[in-house]
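Encoded as structure tokens, the structure appears first; notes follow it.
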Amino acid sequence: MINVMFVCHGNICRSPMAEFLFRDIVTKKGLGGDFHIASSATSTEEIGNPVHYGTRNKLNEYGISTKGKYAVQLTRKDYDKYDYLIGMDQRNIININKIVGSDGKNKVKKLLDFTANSRDIADPWYTGDFDQTYRDIYEGCEALLDYIMNQDSDS
């Protein structure tokens, strides 16, 4: 089982979009049973809140539901539970490392670091552009899956 945790600031926009999109991608490739996928926040601001309507609406366009997802915060214990802790931007990476302590096993990565064009994923909470966020997250999820599958075949 490959355990992947997506992380953003509030766990209502980018990280749940990545969680549900990545789950949809691996399921459609017949790999759903090989993965445990979740998402969380670095802050406490949105804990207990549902997925932002912009993310819900964007994923609904592709038949992807976020039903039952409520924001949770990343914990230090998550470092031991997950193989990959994937942040959406550099600020997330800094805050993930503050929460988990140290990254001795090199589990903490930025999602778009797996692509040919490493960059931050803009927060649609501020930009309002859920279309661009979706495109960036989709690109990152495809690249992350390629990376994981290549790691798996190397072992």
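A short reminder: the numbers here are calculations on the coordinates, not readings from a lab. In this text, all values refer to a predicted model and were calculated from it rather than measured experimentally. Positions of Cβ are backbone-derived with ideal geometry, glycine not excepted, and every protein chain shown enters the neighbour counts.
Kindly indicate the residue of segment 103-112 that is outside any helix (DSSP H, G or I) and in contact with a helix residue (DSSP H, G or I) (Cβ under 9 Å, 6 or more places away or on another chain) and also surrounded by the most Cβ atoms within 10 Å (Cβ to Cβ) among those meeting that condition.
108
Which members of segment 100-154 meet the condition of being closer than 24 Å to residue 31 by Cα, of a type in the set (A, V, I, L, M, F, W, C) and under 15 Å from the mean Cα position of the chain (by Cα)?
108, 111, 112, 114, 137, 141, 143, 144, 145, 148 - these are the residues of segment 100-154 that are closer than 24 Å to residue 31 by Cα, of a type in the set (A, V, I, L, M, F, W, C) and under 15 Å from the mean Cα position of the chain (by Cα).
Go through segment 60-81 and count every residue that is under 14 Å from the mean Cα position of the chain (by Cα) and not small (Gly, Ala, Ser).
The total comes to 6.
Give the residues of segment 1-54 that are surrounded by fewer than 18 Cβ atoms within 10 Å (Cβ to Cβ), touching a strand residue (DSSP E or B) at 6+ places or on another chain (Cβ under 7 Å), not β-branched (Val, Ile, Thr) and not in a loop (DSSP other than H, G, I, E, B), sorted by residue number.
Once the filter is applied, which keeps residues that are surrounded by fewer than 18 Cβ atoms within 10 Å (Cβ to Cβ), touching a strand residue (DSSP E or B) at 6+ places or on another chain (Cβ under 7 Å), not β-branched (Val, Ile, Thr) and not in a loop (DSSP other than H, G, I, E, B), segment 1-54 yields 3, 34, 36, 50.
Look through segment 55-102, keep the residues that are among the polar types (S, T, N, Q) and not in a helix (DSSP H, G or I), and return whichever of them is surrounded by the fewest Cβ atoms within 10 Å (Cβ to Cβ).
102
How many residues does segment 18-45 hold that are more than 16 Å from the chain's Cα centre (by Cα), under 16 Å from residue 7 (Cβ atoms) and charged (D, E, K, R)?
Summing the residues that are more than 16 Å from the chain's Cα centre (by Cα), under 16 Å from residue 7 (Cβ atoms) and charged (D, E, K, R) in segment 18-45 gives 1.
If a residue must be on the phi > 0 side of the Ramachandran plot and in contact (Cβ under 8 Å) with a residue 60 or more places away in the chain, how many such residues does segment 105-146 contain?
Count: 1.
Restricting attention to segment 114-144, which residues are over 11 Å from residue 14 (Cβ atoms) and of a type in the set (Asp, Glu)?
Those that are over 11 Å from residue 14 (Cβ atoms) and of a type in the set (Asp, Glu): 129, 131, 139, 142.
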